[in-house]
Amino acid sequence: MIPYGRQDIRQQDIDAVVAVLQSDFLTQGPQVPAFEQAVAAYCGAKYAVAVNSATSALHLACLALGLGPGDWLWTSPITFTASANCALYCGAQVDFVDIDPHTLNMSVAALRAKLALAKQQQRLPKVVVPVHLCGQPCDMAAIHALAQEYGFAIIEDASHAIGARHQNQPVGSCRYSDITVFSFHPVKIITTAEGGMALTNQAHLAEKMALLRSHGITRDPAQMTQPADGAWYYQQVDLGFNYRMTELQAALGLSQLTRLDEYIEQRHALARRYHQALAALPLTLPQQHPDAYSAYHLYVVRLHNTDRRRAVFDALRQDGIGVNVHYIPVHTQPYYRQRFGFKLGDFAEAERYYQAALSLPMYPQLSDVDFEQVCDSLRRVLA
């Protein structure tokens, strides 16, 4: 089976992990800070907090921004459920903003209209989470302008988008956001096996996320309520979690980061080949915003004849092509429908997209033979 995505592990990655296994520290050593500093430097952000998953990073980001009961978080319905669940972990409520049918990201026009109505209803969001779907950055300048007008904080869910750029600035620079979150899951651009990171330019947010990552425990005298009893002393000053990244994961991430630009270039080359090979088929191919440079985590095509999506999906799987669908609209999930009353028809563009979407294999080491198999199978199935 040709997967839709997969990790690229080389000898230098293995050597980096083995070196940690032979070192004194498997956790809470020098690798995690080094990885944090390297990603922050790459993105042009001041601070980075590495954690065990992007889901944990989203949770910490919400808590650092003070999200809690009585507050609202808005995000895109076309995302993995964690983009919305992070609000529920904090006791807040969730709503969605429909997508732009071209970029597939949060529609700025829909966000603007929803904010105007929410202001009248006195139900403005405290946090908005734009999702850089497939690796293509959202229109962050426009969303930031709305944040300035309506007073909400921004968490960029860039789980798909490390290495992407918006207005020639790296995603993760937090130029137009409070916090940016990355994922290092194996099918993402670079991997730490499992892992995530939150970037910010605000010291108090970084400090809060770092504290909550490690049980809410500190050895920093400035955060303590009384002088230390001795060198062994620590205090729990908040209720935190065990969201730490291990040294093994950070070493793998550091090694992978050295090839990030190479990976992005290879993904763009593969996307160009798909554009050319599939141009004549009854498909809508990915469209790029002129201000954006995608990381191309996913290559999603949309079938013109949506009635055939299931048959096309099954036929491609039968041919050994590991196509997938990203994503089922969150508001249609049973938990969200039953608990919050969302229903079909609430976000028409997202639902229309879902009926047509198909993710094709997209990863740098996809061979020429496998690429041709994907394209030939698509041509045959759609004939």
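Apply the a/c threshold of 1.5 to the C-alpha gyration tensor of the range 240-383 and tell me whether it is rounded, prolate or oblate.
Note, shape of the range 240-383 comes out oblate.
Pop a pseudo-label 7 angstrom from the Cα along the beta-carbon direction at both D261 and R337 and give the gap in nm to one decimal.
For the pair D261/R337, the computed spacing is 4.8 nm.
Is the shape of the chain best called rounded, prolate or oblate, per the rule: a/c under 1.5 gives rounded, else a/b larger than b/c gives prolate, else oblate, with a ≥ b ≥ c the square roots of the Cα gyration tensor eigenvalues?
Oblate.
Can you tally the net charge around D100? Count Lys and Arg as +1, Asp and Glu as -1, for every other residue whose Cβ sits under 9 Å from the Cβ of D100.
Charge balance in the 9 Å sphere: -3.
Could you put M1, M209 in order, starting from the residue whose Cβ has the fewest other Cβ atoms within 10 Å?
If I rank by nearby Cβ atoms, fewest first, I get M1, M209.
Rounded, prolate or oblate: which fits the range 131-263 when a ≥ b ≥ c are the square roots of the eigenvalues of the alpha-carbon gyration tensor, with rounded for a/c under 1.5 and prolate only if a/b beats b/c?
oblate
Helix-derived [θ] at 222 nm for the chain: sum -39500 (n - 2.57) over DSSP H runs of at least 4, divide by residue count, nearest 500?
When only DSSP H runs of four or more count, the value is -12000 deg cm²/dmol.
Cut-off is 10 Å between beta-carbons; in what order do S159, S255, S367 appear when sorted fewest neighbours first?
If I rank by nearby Cβ atoms, fewest first, I get S367, S255, S159.
Could you tally the net charge around L60, taking each other residue with its Cβ under 10 Å from the Cβ of L60, Lys/Arg +1 and Asp/Glu -1?
Around L60, the surrounding residues sum to +2.
May I ask what percent, to the nearest 5, of DSSP beta bridges between residues of the range 11-257 are antiparallel?
Once the DSSP bridges in the range 11-257 are tallied, antiparallel ones form about 55 percent.
Which order do peptides 225-232, 241-248, 184-191 fall in by mean Cβ count within 10 Å, highest first?
Ranked by mean Cβ neighbours within 10 Å, highest first: 184-191, 241-248, 225-232.
Which of Y274, Y47 has the fewest other C-beta atoms within 10 Å, and how do the rest follow up to the most?
Y47, Y274
Computed from the coordinates by the stated procedures, all read-outs in this text should not be read as laboratory data. As the structure is a computational prediction, the values presented were derived from the model and not from experiment. Note that we place each Cβ from the backbone using ideal geometry, even for glycine, and neighbour counts take in every protein chain shown.
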